[in-house]
Amino acid sequence: MNTEQKIEAILFFKSEPMSRKRLSEILKTGQTEINDGINKLKENLKNRGVALIEKDNEIMLGTAPIFSELIKDLQKEEINKGLSKASLETLAIILYKNEVNRHEIDYIRGVNSSFILRALSIRGLIDKIIDPSDNRRYVYKPSFDLLAYMGVKSIEELPEYSEINNSIKNAVENLEDPSVIETKESPNDANL
Amino acid sequence: MNTEQKIEAILFFKSEPMSRKRLSEILKTGQTEINDGINKLKENLKNRGVALIEKDNEIMLGTAPIFSELIKDLQKEEINKGLSKASLETLAIILYKNEVNRHEIDYIRGVNSSFILRALSIRGLIDKIIDPSDNRRYVYKPSFDLLAYMGVKSIEELPEYSEINNSIKNAVENLEDPSVIETKESPNDANL
Amino acid sequence: MENQAYTIKTVNFEGPFVVLLNLIEERKLFINEISLARVTEDYLKYVNNLQLDKNRLAGWQAAEIASFIVVAATLILIKSKSLLPNLNLTLEEESDIKDLEDRLKIFELYSRLANNIKINFGKNIIFAPLERKNEILAFLPDEQITARNMMTFARGALDKIPQKVFLPKVEVKKVISIEEMIDRLTKRIENSLKFNFKDFSGKAETKEERVVVIVGFLAMLELVRQGILHAVQENNFADIIIKKQEAETM
């Protein structure tokens with residue numbers, strides 16, 4: 001039943017090449033049905049912005065080849081674009097705290113940082129690693145390239161490192177303290 | 001020229017919310033053409049594995065809500081579904097009013113909502129933005145994540161949305177005369 | 001452990017409208033002055049118990065306590081009016097009553113809508129795609145990333161973290177005015193009782209029964225009044241209130 005749509009949803013979500021075998025495991029369906037679904041999907045995506053890309057026995061979704069110029073331009077633009085204040089702030093927190101999870105960053109900034117973290121990752125400024133203290137979570141740390149670019153051999157060389165590192169640690173400890181509530185409502189203090 | 005497909009390719013590539021304005025800049029096309037393209041794309045994605053989500057003037061792609069269970073199983077990170085009664089109340093106000101300042105939320109709930117608003121911001125369920133009608137204030141809006149968790153492709157798909165929206169507009173606007181609010185709470189103390 | 005309990009309590013803080021709405025819904029009533037008068041005593045009992053329950057109050061903000069008391073004040077007006085039809089309320093008092101009724105109706109609407117959210121949240125989730133593994137585009141720094149700038153941004157982020165909040169003065173004022181209002185109303189009810197005894201139009205109830213009800217209500221008010229003083233003093237929020245308490249005991 002709607003195998004084609006299910007395959008589309010899975011491929012879109014995973015955004016990585018997947019084997020037909022794996023798809024048939026996930027959908028608990030026979031190979032024939034999977035192949036049918038893939039064929040229909042391929043047919044349906046024929047004249048669309050997203051295409052089904054096949055390599056060896058693996059398939060994935062990608063932007064349609066006829067739009068490769070358009071996408072290349074977007075990529076270039078992304079590269080040349082400076083970082084936003086919000087991105088720089090997030091990066092600064094990651095630098096001074098070193099290993100920090102998303103919840104802690106969100107808490108310090110008072111807003112959700114998912115998109116920013118993703119952008120910093122794509123630019124190779126931070127690394128996302130499995131939290132050594134809890135393997136179901138991730139933590140972010142500055143990349144080697146970033147430290148090299150800044151001309152510091154280790155984060156301890158950052159200005160006022162120990163003071164700021166401590167303040168961040170203390171702030172994060174308040175994470176569950178309900179008496180710490182929003183006190184500033186003026187946009188001058190905006191988390192932009 | 002195949003604006004619909006180009007929009008699809010861009011949304012797929014960026015995988016984050018894009019404004020109609022931005023799309024028209026990238027594609028160097030007028031707003032009408034962009035709107036037409038989006039409408040066609042929305043129509044085309046109606047019964048597919050991927051859906052178009054819409055909020056204010058932004059759009060993004062996501063997996064179709066009917067495949068939620070399927071994708072949940074592929075997702076490694078834990079999904080936090082718990083919401084306290086206070087969070088539910090606050091989210092209801094923000095969702096059904098779409099744009100609301102803290103004062104109005106406090107007024108409707110009869111209690112200070114600062115803590116809950118901060119917590120919801122951190123969870124990424126609401127966005128705090130500068131009030132378009134008064135840049136000295138903030139307003140709260142539902143985030144894309146909130147729509148995604150609710151499984152609706154646009155605010156209008158919320159249960160009872162249209163009926164409620166009309167009745168709320170009539171009832172609340174009569175009531176929310178700022179002078180009434182200010183006899184209860186002096187504006188100087190609004191920042192608690 | 002202690003800290004954890006404290007958190008949960010405040011996150012789940014249910015304001016006065018929740019309590020009031022529950023009382024009305026338990027009786028399957030519509031929101032109006034009559035139903036509000038009927039639930040007043042139960043609400044006051046609730047607030048009184050709240051004030052005696054130090055464990056529950058421990059994690060609360062003064063403003064949260066005050067929010068309960070503000071509603072109590074209006075309910076007392078409504079109840080007094082229902083007991084004594086000849087009691088003349090000021091325009092401001094009348095508008096407080098209308099206001100509470102209207103606000104409760106709006107709150108009822110959003111509580112119902114909140115239930116839509118409860119039912120649907122997380123049920124049919126729309127997922128954004130996972131991060132693409134091959135997406136990293138080499139290393140793309142930005143000239144704004146300097147050690148000095150990073151320090152400034154880190155400091156800036158820390159400065160924005162909200163600080164602990166202290167009791168806003170306006171709430172203290174509200175508490176005092178409610179206490180005064182209860183005193184004033186008590187006097188008004190007592191006077192009505194003395195001079196307007198003939199005004200009691202006994203329908204189903206006899207005059208005597210009505211008087212008993214009113215006396216009971218007055219006793220209740222006294223309890224609430226003491227409770228307010230007690231709660232405020234227990235929480236040790238403001239010098240001004242404690243002074244007042246001392247002045248009374250002298």
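Counting the residues of the range B:1-26 that are touching a Leu at 6+ places or on another chain (Cβ under 8 Å) and not polar (S, T, N, Q) gives 12. Taking the listed residues C:128, C:147, the one that is within 14 Å of chain B (Cβ to nearest Cβ) and at pLDDT 75 or above is C:128, with no other qualifying. Just need a number here: residues in the range B:103-140 that are within 29 Å of residue B:62 (Cβ to Cβ), in contact with a helix residue (DSSP H, G or I) (Cβ under 7 Å, 6 or more places away or on another chain) and not in a helix (DSSP H, G or I). The qualifying residues number 8. Hey, can you tell me all the residues within the range B:11-56 that are more than 10 Å from every other protein chain (Cβ to nearest Cβ), surrounded by fewer than 17 Cβ atoms within 10 Å (Cβ to Cβ) and under 20 Å from residue B:68 (Cβ atoms)? Of everything in the range B:11-56, just one residue is more than 10 Å from every other protein chain (Cβ to nearest Cβ), surrounded by fewer than 17 Cβ atoms within 10 Å (Cβ to Cβ) and under 20 Å from residue B:68 (Cβ atoms), namely B:46. Criterion first (closer than 23 Å to residue B:127 by Cβ, surrounded by 21 or more Cβ atoms within 10 Å (Cβ to Cβ) and of a type in the set (D, E, K, R)) does residue B:8 satisfy it? Spelling it out, it is not the case that residue B:8 is closer than 23 Å to residue B:127 by Cβ, surrounded by 21 or more Cβ atoms within 10 Å (Cβ to Cβ) and of a type in the set (D, E, K, R). For the range B:83-107, name all the residues that are free of Cβ contacts under 8 Å to residues at least 40 places away in the same chain and at the interface with chain C (Cβ under 9 Å from one of its Cβ atoms). Answer for the range B:83-107, where residues must be free of Cβ contacts under 8 Å to residues at least 40 places away in the same chain and at the interface with chain C (Cβ under 9 Å from one of its Cβ atoms): B:83, B:84, B:85, B:86, B:87, B:88, B:89, B:90, B:92, B:93.
When C:83, C:113 are screened for being in contact (Cβ under 8 Å) with a residue 24 or more places away in the chain and either touching a Pro at 6+ places or on another chain (Cβ under 6 Å) or surrounded by 15 or more Cβ atoms within 10 Å (Cβ to Cβ) (or both), only C:83 passes. Give the range A:150-175 a look and list any residue that's among the β-branched types (Val, Ile, Thr) and more than 8 Å from chain C (Cβ to nearest Cβ), or say none. A:155, A:172, listed by residue number.
Looking at the range B:69-97 only, could you name the residues that are surrounded by 20 or more Cβ atoms within 10 Å (Cβ to Cβ) and not aliphatic (A, V, I, L, M)? Answer for the range B:69-97, where residues must be surrounded by 20 or more Cβ atoms within 10 Å (Cβ to Cβ) and not aliphatic (A, V, I, L, M): B:87, B:89, B:90, B:96, B:97. Residues in the range B:116-144 that are among the aliphatic types (A, V, I, L, M) and more than 7 Å from chain A (Cβ to nearest Cβ) were compared, and the one that is farthest from residue A:110 (Cα to Cα) is B:139.
The values are calculated or read from the model by the stated rules, or taken from the named source; none is laboratory data. Given the structure is predicted, the values throughout are model-derived calculations rather than measurements. Note that we place each Cβ from the backbone using ideal geometry, even for glycine, and neighbour counts take in every protein chain shown.
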